[in-house]
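Below: one structure, written as structure tokens.
All of the numbers you see were taken from the coordinates with simple rules; none came from a lab. Here the structure is a predicted model, which means the values were calculated and not measured. All Cβ positions, glycine included, derive from the backbone under ideal geometry; neighbour counts span all protein chains shown.
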Amino acid sequence: MKPRELVLALRAMGLTQKQIQERTGIPQPTVSKIGLGRVRDVMSRHYVALLTAYEQQIKVQAAAPAPVPTAFHWPRIHD
């Protein structure tokens, strides 16, 4: 994946730019610029940090319990 795709994937997983900053060490404004495609050459350490954050988030989501469906109740019809 390209750096922009990693940022967009992390955002789609529910992470904010601030959370991406906290997990990668990349300043939030730079995260924003990468996500918008405004950075032509991403430093290799930033790429590795984004890739690591993405892989960790995949593991977190895979380990999360599935939501328990709520019971369905038919509406009562009053005569």
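Just a yes or no: is a residue in the range 2-11 of a type in the set (A, V, I, L, M, F, W, C), free of Cβ contacts under 8 Å to residues at least 12 places away in the same chain and surrounded by fewer than 17 Cβ atoms within 10 Å (Cβ to Cβ)?
Taking the range 2-11 as the starting set, the residues that turn out to be of a type in the set (A, V, I, L, M, F, W, C) are 6-10.
Next, only the ones that are free of Cβ contacts under 8 Å to residues at least 12 places away in the same chain stay: none.
Scanning the range 2-11, I find no residue that is of a type in the set (A, V, I, L, M, F, W, C), free of Cβ contacts under 8 Å to residues at least 12 places away in the same chain and surrounded by fewer than 17 Cβ atoms within 10 Å (Cβ to Cβ), so the answer is no.
When the range 12-30 is examined, which residues are found to be among the aliphatic types (A, V, I, L, M), under 14 Å from Gln57 (Cβ atoms) and crowded, with 19+ Cβ neighbours inside 10 Å?
So in the range 12-30, the residues among the aliphatic types (A, V, I, L, M) come out as 12-13, 15, 20, 26.
Filter again for under 14 Å from Gln57 (Cβ atoms), leaving 12-13, 15, 20.
Result: Leu15, Ile20.
Cβ-Cβ under 8 Å, sequence separation 6+ or interchain: first residue in the range 13-41 and in contact (Cβ under 8 Å) with a residue 24 or more places away in the chain, partner of a type outside the set (Lys, Arg) and not in a helix (DSSP H, G or I). Which pairs?
Listed by first residue and then by second, the contacts come to Ile20/Ile26; Arg23/Leu15; Ile34/Ile26; Ile34/Val42.
Just wondering, is there one or more residues in the range 2-19 that are more than 12 Å from the chain's Cα centre (by Cα) and assigned to a loop (DSSP other than H, G, I, E, B)?
yes
List the residue pairs whose Cβ atoms are under 9 Å apart, where the first residue sits in the range 57-78 and is closer than 24 Å to Arg23 by Cβ, the second is part of a loop (DSSP other than H, G, I, E, B) and small (Gly, Ala, Ser), and the two are 6 or more positions apart or on different chains.
Within 9 Å, the pairs are Gln57/Gly14; Gln61/Gly14.
Search the range 53-78 for residues being among the aliphatic types (A, V, I, L, M) and over 10 Å from the mean Cα position of the chain (by Cα), and hand back the single one that is surrounded by the most Cβ atoms within 10 Å (Cβ to Cβ). Lay out the reasoning, then the answer.
Taking the range 53-78 first, the residues among the aliphatic types (A, V, I, L, M) are 53, 58, 60, 62-64, 66, 68, 71, 77.
Next, from what is left, pick out any that are over 10 Å from the mean Cα position of the chain (by Cα): 60, 62-64, 66, 68, 71, 77.
Details: Val60: 10, Ala62: 7, Ala63: 7, Ala64: 8, Ala66: 5, Val68: 6, Ala71: 5, Ile77: 5.
Top of the filtered list is Val60.
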